[in-house]
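Report on the structure given below.
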Amino acid sequence: MRCPRSPGFTLIELMIVVAVIVILGTVAVPSYNEYIRAVHRADARAGLLQAQQWLERAATANGTYPTELPADLTWAHDSSKRYTIDFLSTSGHDDDTYTLIATRRGSQFGDRCGDFTLTHTGERSGANVASSTTAAECWGR
């Protein structure tokens, strides 16, 4: 005589479902993390471009580039503080050149794209970029 089968899941079925969820999680979580880092990189690039526009407007009005960025210059997603934007005069006290650097902070520190740089000539490059990544890839070209 056969025992009637009760409704429900067997342990094997439950273990298969758990294994599928774990496999999907190991694929999805790194992809999501890279997506979030890419969004933060876009924010840093936007901040650099905004600072560059401010410098160009100031140079147009005054004839030379300012020697520093204003303290109240912020960009749209500056509140996250995942990048800081620094201003460097590339030739000491020369007021006709500059380099802007977006330096990684916090959760972005291990990012493969490193730090972004933007010069007065519009040259876009990166510092501390992973060997498998080019600056052009990070700048979205």
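The values are calculated or read from the model by the stated rules, or taken from the named source; none is laboratory data. These numbers come from a predicted model, not from an experiment. When we count neighbours, we look across all protein chains shown, and the Cβ atoms used for this are built from the backbone with ideal geometry, even at glycine.
Conditions (1) surrounded by 13 or more Cβ atoms within 10 Å (Cβ to Cβ); (2) modelled with pLDDT under 90, marked per residue:
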{"site": "Pro7", "(1), (2)": "no, yes"}
{"site": "Ala28", "(1), (2)": "no, no"}
{"site": "Tyr65", "(1), (2)": "yes, yes"}
{"site": "Glu68", "(1), (2)": "no, yes"}
{"site": "Ala71", "(1), (2)": "no, yes"}
{"site": "Phe87", "(1), (2)": "yes, yes"}
{"site": "Thr90", "(1), (2)": "no, yes"}
{"site": "Thr97", "(1), (2)": "yes, yes"}
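Within the stretch 32-50, can you find the residues that are over 16 Å from Trp139 (Cα atoms) and modelled with pLDDT of 90 or more?
Hit for the stretch 32-50 is Tyr32, nothing else.
Starting from residues that are buried (at least 17 other Cβ atoms within 10 Å of the Cβ) and β-branched (Val, Ile, Thr), keep the ones in the stretch 102-141 and report whichever is nearest to Ala59 (Cα to Cα).
By that ranking, first place goes to Thr117.
Across the stretch 16-74, what is the total count of residues that are under 16 Å from the mean Cα position of the chain (by Cα) and farther than 20 Å from Ala102 by Cβ?
3
Being among the polar types (S, T, N, Q) and part of a helix (DSSP H, G or I) is the filter here, so list the residues in the stretch 1-38 that pass it.
Once the filter is applied, which keeps residues that are among the polar types (S, T, N, Q) and part of a helix (DSSP H, G or I), the stretch 1-38 yields Thr26, Ser31, Asn33.
In the stretch 1-60, what residues are among the basic types (Lys, Arg) and under 30 Å from Arg124 (Cα atoms)? Outline the logic, then answer.
First, the residues of the stretch 1-60 that are among the basic types (Lys, Arg): 2, 5, 37, 41, 45, 57.
Passing the criteria: Arg37, Arg41, Arg45, Arg57.
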